[in-house]
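Take a look at the structure set out below.
The values are calculated or read from the model by the stated rules, or taken from the named source; none is laboratory data. Predicted, not measured: the structure shown is a model, and the values here were computed from it. All Cβ positions, glycine included, derive from the backbone under ideal geometry; neighbour counts span all protein chains shown. These area figures cover heavy atoms from the full protein model, side chains too; ligands, DNA and RNA do not enter into them. Shrake-Rupley method; radii C 1.70, N 1.55, O 1.52, S 1.80 Å.
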Amino acid sequence: MSAFYNTFERHSHGEGLKGHSTHYCPGCGHGLAHKFLAESIDELGIQDRTIAISPVGCSVFLYYYMDVGNSQAAHGRAPAVAIGHKMANPNSIVVSYQGDGDLASIGLAEIISAAQMGLPISVIFVNNAIYGMTGGQMAPTTLKGMKTMTSPYGRNENMGSPLKMAELIAQMDSPIYVERVALFDSKQRIRAKKAIKKALQIQVENKGFSFVEVLAECPTHLHLSPTEAQDWVKNSMLPVFPLGVKKDVEPTHIFSFEKPSFESGKLLALIGATAEDVPKFANSFPKHIDPLDISLKLAGSGGDGAQTAALLITRTAINEGFDSTHIPSYGPESRGGTSYADVHIAEMEVLSPSAPDPHILIAFNQPSMDKFAPKVRENGIIIGDSTVIHSMPAIDPTVKVVMVPMSAIATELGKIMVKNVVALGALQAATGLFPEQSFLTAIQQGLKDKKELFPLNVEAFHRGMEAALKSEKI
Amino acid sequence: MPNSRENLLPAVDPAYCKGCARCIDACLHNCIEMGNEINPLTGLTPVILHLEDCTHCGLCVTACPEPYGLHMDSITDDYSAVRPETFDGVVKTRPKAASIPSTKIPINPGKPILIKGTYASSIGAVLAGCRHFYGYPITPSTEGAELMAKLLPNLDGIFIQAVSEVAAINMLYGTGGAGLPCMTFTSSPGFSLMLEGISYMIGSEVPSVIVNIMRGGPGLGNIAPEQSDLKLVCHGLGHGNTQCVVLAPATPQEMLDLTMLAFELTFKYRNPVIIIGDGYLGQITGKVSLPDYMIQPGLPDWAVYGDAGHRGNLIASIDITEPDLEARNIRLNHKYDTMIKAEQRSDSFFCEDAEILLVAMNTPAQMAKGAVQQLRSEGIKVGLFRPITAWPFPVDALSKLIPQIRQIVVVEASNGQLEDEIRLSLSKAGVTQLPPISFVRRFGGILPQTHEIVEKIHALEGVVA
Ligand code: SF4
Ligand code: SF4
Ligand code: SF4
């Protein structure tokens, strides 16, 4: 008994002999690896749960034969596909079956990372030291001096040495079982079967990642008879690829996965949805700044809190029932250097979200002032930190400048981080964008789990308001 | 029929022996020898068994690479009686799984929330039933992945940071192939790496949602917004005859809404769905209203899920014979045709009486809206046509507008890729009388700004500012 299909319907539609014979060359090692896999699946009673990942290579048609769930992967990607299947249904038993080109060449990144991730999948790696499907080219496991279609004069020093996958995988932390086996005589075949079964058994027990390398014969591209090919594996491959258990350890933990949750309450809480009403304080859209759409730019260096202040303005506007957007500068320039944010507030819908010529600029440092102040539009307002800004660039004469010692006030309050809240207070007093209470409500919301900081923020806000009203000229 | 080992002997149907001689080497009692007649059915020379000294050890059977080759059987004298079909006794039948449809669970959406574009897309995904995320960090899409990394463990879902975009897309291939909703976020260079996998998904009919927050290119380019992957998503989804529905949101709200739609469409068509945003849209924070339902996914009958009902299923894109592969292509093309008919989506802004038509997608469409508003206040009859599906291009809606339009202006952060889509789809639709097409284009991470669009129209209209 085994897990082979009764008829190989997918092999040339099961016609003629193909319904019951493989596409492999006489003596090919793949047939045996398939057989031991099929027998192990049957003996472990996991046929319904098993998903076999077919690779690209001679064994691309694994799915012709295995009466299990089948998935055919792109060249080298079988371990990634296997992980995708395993995570979709942790109860499935997923086998990534790969040849040497697939696993040890194009798919190196996938196999190494899958092994180190250690998720419970079983990998069967058939190493016959040559590319079969494409017609006998050099494999990463090709022996030194060996002639192939792409190493016609023999694999030389420039082509590197054979890659020993079992050893490579075994020295990693996560895999729990790694063995190299062969197929050239009865003893090896019995061991190979045992190893494949063990690799599956480990997955059944949710223990972790297992890897069996099978030294196999490719008589066709070795240009040997099947019997000679067996001898070649024994005499030539074995010295390079020693057989045996490379790693066999007890896992540090047993994998277990919960069924995904679709509980709506939990999900809504997680994404911060709330049905709570937020009080409104503004009587109307701040039309005195612009009848439809107000743009602000906040700029400073990384730690100035420009982004947080921008978000608080956006939140305030949305609480008041208007539309608002915030775009940060992002990427390398936001780590350290200047950080700026564009905010729009619209009565109906924010159309263009960027602020190349803002109504209002809040500048936290001299470079920001120099860069953006000239762009503030007619009748606009500039709010700057007078502690650190000591000169003004040329600006539109209709623009009002309000200088507030934000850093000095924040330092006095004992927390330089509230500098941006001082700025918001100044913004409120200087522009009347929204009522004081609107801002304070948004600040309170923003503090969520740091409620004890609210009084300090209120004070900072008030100090900003006061300072704006007696703005210093520079 | 119960058989003790002693009354079983090796047997092989000559038609299923490939003459590899592995069994000959395996037998310690010289019971097997190479035959001397070529089997006319196979062209190979099967072995001959002399079982007088056979010890029933079975080593020869273990040596045979053919599933229906050498096996232990009670019949010894008539090979032809040994039909492979009977090896396992009665042919095993099992119930096929029926498709389990997804269910809509009503929720109280509450007040609008304030979130950035990538977050809105992540939230759309979890509301649409996605509990599997695979991705590789790349600016400016990473925040979406980071939010998934926070949310999914709390929902007993799976978040895996893959070794590369190549691995990530293939993990999606696995989970999508298992019939479950799954997604990734990436950005242009990462999207390029995913193209192979996307082609496999389309060929194998595997659903998945891929969000590409486009950034400046070519090469490493920069991380600022661009729209230069349009040719890829519309005409270059890997090798072969490939198409996907491509959704192009313009606001955080649409990031959520269209992500939810993407999950619906990807299962409807068994085809990946691509969402394209620009770097701005990924980063922009805005007001987002939640829907009044969420989805609990079902399980389709075709899934390779790893249980009894789905055992016979196969996810693959290989058809070794030409007629089979042609048939697959015809089936896929038919699906693309259905999408072209059913899935065109677009938005019009002040188009009713427009004489000048702006065409733009994503954030540039918002810039264009700003321009329309300003130009309308000057009395210029301009409107905005905004494709929501980049593919299929909403040519039906656009064609209807064409007769009234005397000037088209395409606004895009690419070198004419959107204009190409417009020209190609109008041409295919047989609309040959086109008004002049002009453009506002920026690249390198700079989006066309409202004032640039206004200036362009002023110049075209001869308005002196
Ligand atoms: S080419 Fe080699 S690996 Fe491929 S089927 Fe033939 S013998 Fe096997
Ligand atoms: S069962 Fe054993 S003894 Fe008999 S033919 Fe096979 S290998 Fe030889
Ligand atoms: S091992 Fe199988 S295929 Fe090979 S010669 Fe023996 S019976 Fe034939």
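Key figures for this structure:
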quantity: Odd one out for A:ALA38 among (1) in contact with a Phe, Trp or Tyr (Cβ under 6 Å, 6 or more places away or on another chain); (2) in contact (Cβ under 8 Å) with a residue 60 or more places away in the chain; (3) open to solvent by less than 10 Å² (accessible area, probe 1.4 Å); (4) within 11 Å of another protein chain (Cβ to nearest Cβ); calculated: (2)
quantity: Filter result for the condition that a residue is over 16 Å from B:VAL304 (Cβ atoms), within 13 Å of ligand 1 (Cβ to nearest atom) and open to solvent by less than 10 Å² (accessible area, probe 1.4 Å), over A:GLY19, A:GLY57, A:GLY27; calculated: A:GLY27
quantity: Cβ-Cβ under 6 Å pairs, at least 6 apart or on other chains, the stretch B:50-66 side on the phi < 0 side of the Ramachandran plot and within 7 Å of chain A (Cβ to nearest Cβ), far side more than 14 Å from ligand 3 (Cβ to nearest atom) and of a type in the set (Ser, Thr, Tyr); calculated: none
quantity: Leading residue by the ranking (farthest from B:MET171 (Cα to Cα)) among those in the stretch A:68-116 that are in contact with a Lys or Arg (Cβ under 8 Å, 6 or more places away or on another chain) and crowded, with 24+ Cβ neighbours inside 10 Å; calculated: A:VAL68
quantity: Lone qualifier among A:ILE345, A:ILE360 - being in contact (Cβ under 8 Å) with a residue 12 or more places away in the chain, more than 14 Å from chain B (Cβ to nearest Cβ) and either among the β-branched types (Val, Ile, Thr) or under 17 Å from A:ILE289 (Cα atoms) (or both); calculated: A:ILE360
quantity: Top-ranked residue of the stretch A:432-474 - restricted to ones that are in contact with a strand residue (DSSP E or B) (Cβ under 8 Å, 6 or more places away or on another chain) and of a type in the set (A, V, I, L, M, F, W, C), ranked as most open to solvent (accessible area, probe 1.4 Å); calculated: A:ILE474
quantity: Residue among A:LYS234, A:LYS198, A:LYS247 that is surrounded by fewer than 19 Cβ atoms within 10 Å (Cβ to Cβ) and farther than 24 Å from A:VAL95 by Cα; calculated: A:LYS234
quantity: Hits in the stretch B:32-63 - residues which are closer than 21 Å to A:HIS20 by Cα, near ligand 2 (Cβ under 8 Å from one of its atoms) and assigned to a strand (DSSP E or B); calculated: B:LEU49
quantity: Set A:ILE389, A:ILE416, A:ILE381: member being more than 17 Å from A:ILE360 (Cβ to Cβ) and touching a helix residue (DSSP H, G or I) at 6+ places or on another chain (Cβ under 9 Å); calculated: A:ILE416
quantity: Subset of the stretch A:3-35 [facing another protein chain (nearest Cβ under 7 Å), in a helix (DSSP H, G or I) and away from ligand 3 (no atom under 15 Å from the Cβ)]; calculated: none
quantity: Members of the stretch A:30-54 that are within 16 Å of ligand 1 (Cβ to nearest atom) and within 23 Å of A:ARG77 (Cβ to Cβ); calculated: A:HIS30, A:ALA33, A:HIS34, A:LEU37, A:SER54
quantity: Residue satisfying condition, being surrounded by 24 or more Cβ atoms within 10 Å (Cβ to Cβ), more than 7 Å from chain A (Cβ to nearest Cβ) and charged (D, E, K, R), within set B:LYS116, B:LYS96; calculated: B:LYS116
quantity: Residues within the stretch B:293-346 that are away from chain A (no Cβ under 13 Å), within 19 Å of B:LYS268 (Cα to Cα) and hydroxyl-bearing (Ser, Thr, Tyr), tallied; calculated: 2
quantity: Residues being assigned to a helix (DSSP H, G or I), among the aliphatic types (A, V, I, L, M) and within 15 Å of ligand 3 (Cβ to nearest atom) - total across the stretch A:193-233; calculated: 1
